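S.K.: Take a look at the following structure, please.
The values are calculated or read from the model by the stated rules, or taken from the named source; none is laboratory data. Predicted model only: the values in this text are computed from it and were never measured. Heads up, the Cβs are rebuilt from the backbone with ideal geometry, glycines too, and the neighbour counts pull from every protein chain shown.
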């Protein structure tokens with residue numbers, strides 16, 4: 001898709017401004033409606049006060065009429081029959097009470113009507129906002145940034161930018177989701193994750209991932225741009241990371257023959273640890289990713305890593321769950337899942353640390369976490385070097401052709417061994433992993449000053 005000419009850009013800006021003004025007009029158009037109801041409520045209360053005042057005044061005047069009457073012509077000490085006056089006073093009091101009760105009921109009815117109208121208006125406004133949600137300005141989109149507005153995605157726009165979800169735009173797929181390449185009119189590329197919402201389980205997973213994505217922002221986590229859903233499908237829009245996944249770079253795929261250098265591998269290990277530290281310790285609520293694996297680590301043009309796919313993530317106290325059953329979704333992927341989680345069903349930060357240890361072994365050896373040939377697990381294959389790091393030379397990836405630092409390889413194997421320990425409580429935290437890499441991996445020294453400044 002080619003970039004639009006300048007005239008088209010201008011018209012697009014105007015259309016965007018019109019969309020914004022339309023939404024603003026709809027809000028202002030409805031706002032006086034609520035104000036009129038609250039005005040009516042105020043008017044009714046005003047009339048009620050006047051009515052109550054005159055009712056009391058009339059009642060008082062009625063009871064005080066004998067005092068204003070002319071003096072009686074009868075003798076002063078004659079007996080006067082007071083029965084009619086008492087009856088009139090009782091009647092006036094009863095009428096007064098009835099009037100007050102009716103007035104109060106009318107006032108309460110108007111108050112409830114105004115309240116329900118106000119609540120109904122707020123619910124309608126809230127409902128209109130569920131079609132699309134935006135997480136922030138698209139820094140890459142110069143036009144929108146100049147206008148100072150946030151980009152809203154509609155389902156029609158997403159389908160248009162992916163050529164109606166054309167198979168030629170399909171770049172990845174999973175169990176219940178597919179990822180399409182989208183190209184916006186300004187030529188910016190994005191990845192659109194289409195999720196099936198046909199069941200309550202899928203809807204729950206979609207909402208869970210969306211809630212977490214709205215909370216996070218880190219340079220080593222794929223950037224979330226926005227979302228929309230039409231009831232049948234949920235669409236999550238991310239930045240496009242062009243260099244594939246770590247799975248492809250290490251174990252095959254499009255550019256599988258082009259091996260990662262040792263320095264690139266150490267950078268990936270360091271950046272992944274930074275992303276995990278951010279999720280575990282620097283978010284408002286701690287987040288357990290739950291599915292850290294090579295295919296969920298994206299690489300940009302400079303081989304910087306970006307963690308993606310938060311469909312299995314848990315946030316806050318929801319990170320502790322009951323043992324898995326037929327009605328609960330298992331966390332993790334074969335070869336990466338913490339055995340302690342498989343035994344207990346308790347998801348914790350240390351599950352991610354275990355998966356990180358497997359990633360480190362993959363970076364060192366070039367072997368898959370679970371062999372596609374014979375199903376052998378990498379942790380079993382690496383048992384020898386985990387027990388004795390001096391034997392790491394036996395498992396270093398042959399595609400490196402000897403271009404690696406042996407002492408760094410030993411240090412990383414030892415680190416992986418701590419991450420893969422049987423007892424989760426003895427595994428290091430992400431912060432401790434970063435300290436180890438900082439102190440023992442000399443080829444990473446070019447990154448540390450920049451990291452310390454940040």
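S.K.: Kindly provide the set of residues from the stretch 282-304 that are under 30 Å from residue 407 (Cα atoms), touching a helix residue (DSSP H, G or I) at 6+ places or on another chain (Cβ under 7 Å) and either in the same structural domain as residue 174 (by TED's automatic domain parsing) or surrounded by fewer than 24 Cβ atoms within 10 Å (Cβ to Cβ) (or both), ordered by number.
M.R.: 293, 294, 295, 299, 303, 304
S.K.: Would you call residue 299 under 26 Å from the mean Cα position of the chain (by Cα), at pLDDT 95 or above and more than 30 Å from residue 200 (Cα to Cα)?
M.R.: Values: under 26 Å from the mean Cα position of the chain (by Cα): yes; at pLDDT 95 or above: yes; more than 30 Å from residue 200 (Cα to Cα): yes.
Yes: the conditions hold for residue 299.
Table: residues versus (1) within 17 Å of residue 172 (Cα to Cα); (2) assigned to a strand (DSSP E or B); (3) within 14 Å of the chain's Cα centre (by Cα).
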position: 217; (1), (2), (3): no, no, yes
position: 228; (1), (2), (3): no, yes, yes
position: 231; (1), (2), (3): no, no, no
position: 235; (1), (2), (3): yes, yes, yes
position: 241; (1), (2), (3): yes, no, no
position: 267; (1), (2), (3): no, no, no
position: 270; (1), (2), (3): no, no, no
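S.K.: Give the residues of the stretch 375-395 that are surrounded by 15 or more Cβ atoms within 10 Å (Cβ to Cβ) and either in a helix (DSSP H, G or I) or under 37 Å from the mean Cα position of the chain (by Cα) (or both), sorted by residue number.
M.R.: 377, 378, 379, 381, 385, 386, 389, 392
S.K.: May I ask you to say which residue of 365, 372 is surrounded by fewer than 19 Cβ atoms within 10 Å (Cβ to Cβ) and within 25 Å of residue 248 (Cβ to Cβ)?
M.R.: Details: 365 fails: surrounded by fewer than 19 Cβ atoms within 10 Å (Cβ to Cβ).
Just a single option satisfies the conditions, and that option is 372.
S.K.: Could you tell me whether any residue of the stretch 152-159 is in a strand (DSSP E or B) and at pLDDT 80 or above? If you could, list the steps in order and put the result at the bottom.
M.R.: Of the residues in the stretch 152-159, the ones in a strand (DSSP E or B) are none.
No, there is no match, as no residue in the stretch 152-159 is in a strand (DSSP E or B) and at pLDDT 80 or above.
S.K.: For the condition in contact with a helix residue (DSSP H, G or I) (Cβ under 8 Å, 6 or more places away or on another chain), within 14 Å of residue 363 (Cα to Cα) and part of a loop (DSSP other than H, G, I, E, B), what is the one hit in 403, 416?
M.R.: None of the others qualify; the one that does is 403.
S.K.: Residues of the stretch 335-359 being part of a helix (DSSP H, G or I), free of Cβ contacts under 8 Å to residues at least 60 places away in the same chain and either surrounded by fewer than 19 Cβ atoms within 10 Å (Cβ to Cβ) or touching a strand residue (DSSP E or B) at 6+ places or on another chain (Cβ under 6 Å) (or both), which ones?
M.R.: Across the stretch 335-359, the qualifying residues are 342, 343, 344.
S.K.: Could you say which residue among 202, 184 is out of contact with any helix residue (DSSP H, G or I) (no Cβ under 7 Å at 6 or more places or on another chain) and in contact (Cβ under 8 Å) with a residue 12 or more places away in the chain?
M.R.: Being out of contact with any helix residue (DSSP H, G or I) (no Cβ under 7 Å at 6 or more places or on another chain) and in contact (Cβ under 8 Å) with a residue 12 or more places away in the chain holds for just one of 202, 184, which is 202.
S.K.: Might you let me know whether the stretch 183-195 holds any residue that is at pLDDT below 90 and within 19 Å of residue 292 (Cα to Cα)?
M.R.: no
S.K.: Among the candidates 174, 226, 252, which residue alone is within 30 Å of residue 399 (Cα to Cα) and not assigned by TED's automatic domain parsing to the domain that holds residue 271?
M.R.: On the way: 226 fails: within 30 Å of residue 399 (Cα to Cα); 252 fails: not assigned by TED's automatic domain parsing to the domain that holds residue 271.
Going through 174, 226, 252 in turn, just one is within 30 Å of residue 399 (Cα to Cα) and not assigned by TED's automatic domain parsing to the domain that holds residue 271: 174.
S.K.: Does the stretch 323-334 include one or more residues that are in the same structural domain as residue 372 (by TED's automatic domain parsing), buried (at least 22 other Cβ atoms within 10 Å of the Cβ) and modelled with pLDDT of 90 or more?
M.R.: no
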